[in-house]
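K.L.:
Here's a structure for you.
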Amino acid sequence: MAAERRRRAGGGLSGLLLRILEDGKDSIPEHPYFYEADVEISLVGGSCKSPVENFWNGSSAVYILQKAVSVQESNSMEESTTDDAVYASEVLPKESPGTLALSVGRAKQLISLYTMVQNPNMTYLGTSDLVVLPPLWARCDGSDPQHTCWIGAEPLRAGNKVTGLNIYMVSCDGPTADKTRFANLEELKMEHKIRHHSSVLTTKGFARYELIAAAAMEDTIAESGSSISVDITWNGVEKILETPPLTSAATLNIALESGDPRSPVFHLYRELQFLLALAEGLKTGVTEWPEPSESESALKLVQEFLTDLKKKLDGDCIFGSKNETEKIKCDTAAVDSCIKSMFGERGDLDFTEQLWCKMKSVSSYQELIDCFTLVIKSLQCGEIQPWIHQGSSSFLSQLIQQSYHGKMEDVSLSDITPIQMLLEIGLEKMKKDYVSFFIGKSRISLLFQDYFISTSVDLQEQVHHVQKLHHVLEIMVSCTGLLQFRHENLFPLTQICMKYYKENPLNEKHVFQLPIRPALVKKFYQNDNPEVWKVEISSGHGQKEVKTTWQISTKAPVEHGTSNSSGFLLDSTVNGSSEERLYFISMTQCSQVHFT
């Protein structure tokens, strides 16, 4: 009877897993399925974040099994059917992952059934045309002495035939600052040798360090969600928590949100925000104007600017003033001199660019009209003959070129015309600002220059391209200021960012990665504790390779850990000592089942 029940249970699980796989051919199903009323199964893959990515580096879709929500618990499940497998079209569990973990015994039972249905020798199950199923992972409640939090099974294959399975057991404990609970490397190696009857072992280390905190920027970064970290890998680990050797391979990870008020390019960020507001106003008909300035209004600044130009008409046409120069110096006074020279205001602003600088504080539609009325009147009367950059294509630039010949077309400053005129001159000015940095001051060739500064697309798209350029600039500024990167490091990073943004929309949460030498950032982490440190012990080759992985991390490696302290802050301390960092301890052990 027990064998018959087991065969029936295996057949039910096999049928459901095949059905889920079939449903997920075109796209991953959004809803979970139910097996025997107490187990919920989801297929996870594609762009979805895998809950087992910390323990398994496979790239295929996976089945995730966890405890199902009962009809009584959910109060939203439709009437249950008599089938073992029920498709949950409406029910999405509202409980936290901790309440959805299966008992370790139930998880082992499900893994056993999965093993049975994948075994080509089990012909009595009626699966003559055996399909290689995706790996299966069961979420566990950690109720056993080992605190098992995941059990997984991954098919081993030869062509289209399943030859066996890798079985993974993941345990998790902590958080703790007690280093006596940390493993001993030699004991881990000996345990691996005994378990797998191995004589030859290899070890590989991994460490992740947060560099932002080391650069004393943790407060702002924590609030903004930005981060700069380095991942380091090396072979031949000698002891637990050893500092990676300088011969290691390292990758810099950068995710940066724009808009830090302390950034030396914050003035550009504010200009960009106004540019975005103008673009949005053109699209929706509603423009959000800046708050009126506590100092001089935009109209008064424009009046003074035009008056100054009229006085200089018969002399040298030198634009700008001592006050403007002093203002720029004042704005960047707190910035390191090297950074200040790289990211300060350009010195070759033409008339329209200087006009933008005066009008970017305009606080109403009427003030905008008044400002442009003054400018156009001065041009029509020949009171000014301003200089503009060659190739400038804004409508105002065209009017200025017409004024050189004493003939200007009539301009109706109504509807969206003045907003578009201001957007055009601001867009041209900011494009030149970014080109000045990427090509001029930083000596970085802008490989995708045509894409980012092209005028062949509409104004809205041009603004989005400039927004991408600003994000790249913010990344360059951070790496220059915080990490003291030089041209040889900025150059490849810039190319990586440019390539990404030529092919993707703006995404300030994207993590840009740059291979570097550990020596480049060693001073930022050599006296710091890692955020993650792990050692991987392996033996065997190819499909016979088995691994044991031991890891500590400041963040809980699972969503449903047995600890009630999941997600500790990075600066967690014990007894007030910043040296006593709290770590979660996890270990992944692998064993193999062979069918042939």
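K.L.:
If ligands, DNA and RNA are left out, what is the accessible area of Asp144 with a 1.4 Å probe, given in Å² to the nearest 10?
P.N.:
20 Å²
K.L.:
Same structure, new question: Could you derive backbone 3J(HN,Hα) for segment 254-262 from the dihedral phi with the Karplus parameters 6.51, -1.76 and 1.60 (θ = phi - 60°), listing whole Hz in sequence and x where the residue is Gly or Pro?
P.N.:
10, 10, 9, 9, 6, x, 5, x, 8
K.L.:
Now for a separate question. Quick one: ranking Thr202, Thr417 by accessible area, 1.4 Å probe, largest first, what do you get?
P.N.:
Thr202, Thr417
K.L.:
For a quick check: with amide H placed at 1.01 Å from N, whose amide H comes under 5 Å from Ser392's, ignoring anything fewer than 5 positions away on the same chain?
P.N.:
none
K.L.:
Please report the orientation-averaged projected area of segment 449-515, defined via the convex hull of its C-alpha atoms, in nm².
P.N.:
Over every viewing direction, the Cα hull of segment 449-515 projects on average to 4.7 nm².
K.L.:
With label points built 7 Å along Cα→Cβ from the Cα atoms of Glu4 and Lys312, find their separation and express it in nm.
P.N.:
A separation of 10.0 nm, rounded to one decimal place.
K.L.:
Right, another one. Compute the distance in nm between two label points, each set 7 Å from the Cα along the Cα-to-Cβ direction, one at Thr233 and one at Arg262.
P.N.:
3.4 nm
K.L.:
Just how much of Val511 is accessible, in Å², when a 1.4 Å probe is used and the result is rounded to the nearest 10?
P.N.:
70 Å²
K.L.:
Still on this structure, please answer the following. Need the list of lysines near Lys300 for cross-linking: C-alpha distance under 22 angstrom, and skip anything on the same chain fewer than eight residues off.
P.N.:
Cα-Cα hits under 22 Å: Lys310, Lys311, Lys312, Lys322, Lys327, Lys358, Lys360, Lys377, Lys429.
K.L.:
Not counting ligands, DNA or RNA, and with a 1.4 Å probe, what is Glu22's accessible surface area in Å² rounded to the nearest 10?
P.N.:
110 Å²
K.L.:
Report ³J(HN,Hα) in whole Hz for each residue of segment 113-119, in order, from the Karplus equation J = 6.51 cos²θ - 1.76 cosθ + 1.60 where θ = phi - 60°; Gly and Pro get x.
P.N.:
Couplings: 5, 4, 4, 5, 6, 8, 7 Hz.
K.L.:
Still on this model: So which lysines pass the test for Lys509, namely a Cα distance under 24 Å, with those fewer than 8 places away in the same chain ruled out?
P.N.:
Qualifying lysines at Cα under 24 Å: Lys49, Lys431, Lys468, Lys499, Lys555.
The values are calculated or read from the model by the stated rules, or taken from the named source; none is laboratory data. Nothing here was measured: the structure is a model prediction, and the numbers come from that model. Note that each Cβ is placed from the backbone with ideal geometry, even for glycine, and that neighbours are counted across all protein chains shown. When the accessible area is computed, the model is the full protein with side chains, heavy atoms only, and any ligands, DNA or RNA have been set aside. Shrake-Rupley method; radii C 1.70, N 1.55, O 1.52, S 1.80 Å.
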